Amino acid sequence: MNPLNVIRGFDPDLYAYFEKELEYQRLSLSFIPDENSTSPLCAAIMGSVLVNTIRHFSYNRVEGLEPLAAKRICELFKADHANVRPITIEAASRVVFQSLTRRGDVVMSLDLRKKEHCNSENLAYRFVNFGVDPQSGKLDMDAVEKQAMECKPQLIIVSPINYPLSLDYERFADIAHKCGAILWCDISQTAGLIAGGVLPSPLPHADVVTFSAHGAMQGPHSSVILCSNKYASSIDRMAITAGHNGLQSAELAALAARMSEMKDVVYSRYVHTVVDNAKALAEGLAAGGAKVLFGGTDSHLVIIDTKGCAVSARGAQELLMEAGVNVRICTMLTTDPNVKYDAVRFSTLPSTTRGANANQMREMGKTIAEFLQRPDEAHIKALKEKVSLITVGLPAFYDQWLSDIVRENLSRMSYMTSDSTIIRDSVHPSRLSMLTKKLKNNN
């Protein structure tokens, strides 16, 4: 039995909300990493009997869920210590700040990342930006070292949310230690690719590493702080002092399960496909006339400069959304305060999770770029047709990204909350057919 059928009869107003969301997920193409589909195994666990208990709070018990999740995370990322108490990355970031810095300290940050989380008197720091060289479009590590030696920061933050290339974390650690700074890397965008072996890990080089487990990693809504043993006690104390009592049992169990899933060879194939799709998307965007920053990508991210487009980044986001394509926009800083990029950021995580391939991403990239060059009726129609053609055949979660044992067992369950079954069965076939025809007619 599908649970949405129960909701349909019990609460039509609520069901209407679910139906709109299902239509959105089925008929649009998202390039936003936070909209990546949750692992069906995690979704099943979060809807299990564990929602009725909070007995995991006996942290010191060896058999508790919290130490189990922390242990598996440490094994996957080869970390000394893991704290899994903060729910959001914002909360985790504030724990790190309060543990390692004092008011007024100098914080040197890539693209001024994490400054947005410092919104109180106790989190008042002197932020110093470092960014890409406007000429090469890449990080100049010699320039980063020179800047760090001059400003002597307490903390160096590397959060590559707008940087799609591989990073030299060992060099960053060397720079941090030379100037007496603590190195903090936030890998919320790339943790999955790092775990799957596609990108280099900041560990053991970084002193502290943070990331969110949902979205890019397809886990439950939670965050993780990894650190060396040197900082473990201070971070754990601050997490408790700040009132972070930890995740509920279901979320902790889902987090532990997700760590096991990410060790499977299937996950390695998934993240390699993510990068292949990103490279294909970049090729398509360039072929369509878009300026791809950084010369391409090593990760799931592709970033274009809208300077040569007919619309601004904000305008591009709005027009693409109307056509069923969802993207993020960003202002990218450089080492020159007078040079900034008005950019659109794409991630191939969600589309790959749904089963999209490199050819589809290449074609989509070319169509998007042509649309942004000339957003007239002909190009709008072409983009909507391309979105419709690709999305109509994609599930919410491509079952080939599940291990055999998980796929076999979930197929026997009647309440798969994130798998393609719910998308396929919850929107009535006649309704889905009507929506698809409507989308085509709007072209």
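Given the C-alpha centroids of segment 76-112 and segment 324-401, what is the distance between them in whole angstrom?
So the separation of the two Cα centres works out to 32 Å.
A 31 angstrom limit on the alpha carbon distance is what I want to check against. Which of Lys178/Lys307; Lys178/Lys279; Lys20/Lys138; Lys178/Lys263; Lys146/Lys340; Lys279/Lys384 exceed it?
Lys178/Lys307; Lys178/Lys279; Lys20/Lys138; Lys178/Lys263
Only bridges with both residues in the chain count here: give the DSSP antiparallel percent, nearest 5.
55
For segment 44-261, what is the percent of antiparallel DSSP beta bridges, rounded to the nearest 5?
35
Over the chain, what is the mean sequence separation of C-alpha contacts under 8 Å (at least six apart), divided by residue count, expressed as relative contact order in percent?
With pairs under 8 Å counted, the relative contact order is 23 percent.
Using alpha carbons only, how many angstrom separate the centre of segment 1-28 from the centre of segment 274-303?
One Cα centre to the other: 35 Å.
I want the antiparallel fraction of DSSP beta bridges within segment 173-313, as a percent rounded to 5.
70
Could you tell me which of rounded, prolate or oblate describes the chain, using a ≥ b ≥ c as the square roots of the eigenvalues of the alpha-carbon gyration tensor, with rounded for a/c under 1.5 and, failing that, prolate when a/b is larger than b/c and oblate otherwise?
Because a/c hits 1.5 or more and a/b fails to exceed b/c, the chain counts as oblate.
So which aspartates and glutamates can Lys114 reach, going by Cα to Cα under 13 Å and dropping same-chain residues fewer than 8 places off?
Output for Lys114: Glu90, Asp186.
Can you classify segment 157-202 as rounded, prolate or oblate using the Cα gyration tensor, where a ≥ b ≥ c are the square roots of its eigenvalues, rounded means a/c under 1.5, and otherwise it's prolate if a/b beats b/c and oblate if not?
The shape class here is prolate.
Scanning the chain for helices, which whole DSSP H stretches are 30 Å or more long along the axis (Cα) and average 0.0 or more by Kyte-Doolittle?
Span-like helices in the chain: 265-287.
Taking the Cα atoms of segment 1-116 alone, what are Rg (to one decimal) and Dmax (as a whole number) in Å?
20.1, 58
By the gyration tensor of its Cα atoms, with a ≥ b ≥ c the square roots of the eigenvalues, what is the shape of segment 159-256: rounded for a/c under 1.5, prolate for a/b over b/c, or oblate?
oblate
So how much slack lies between Asp174 and Gln400, counting 0.36 nm per residue of separation and subtracting their Cα-Cα distance, in nm?
The Asp174-Gln400 span can extend by a further 77.3 nm.
What is the pair-distance distribution P(r) of segment 44-261, computed from all Cα-Cα distances in 5 Å bins starting at 0, with each bin given as a whole percent?
Cα pair-distance distribution for segment 44-261, in percent: 1, 7, 15, 20, 19, 16, 11, 6, 3, 1, 1, 0.
By a straight-distance test (C-alpha under 12 Å), which aspartates and glutamates pair with Lys71 as possible cross-link partners, with residues fewer than eight away in the same chain excluded?
Glu63, Asp80
None of the figures in this text is laboratory data; all of them are computed from the coordinates on show. Values in this document were obtained by computation on a predicted structure and should not be read as measured data.
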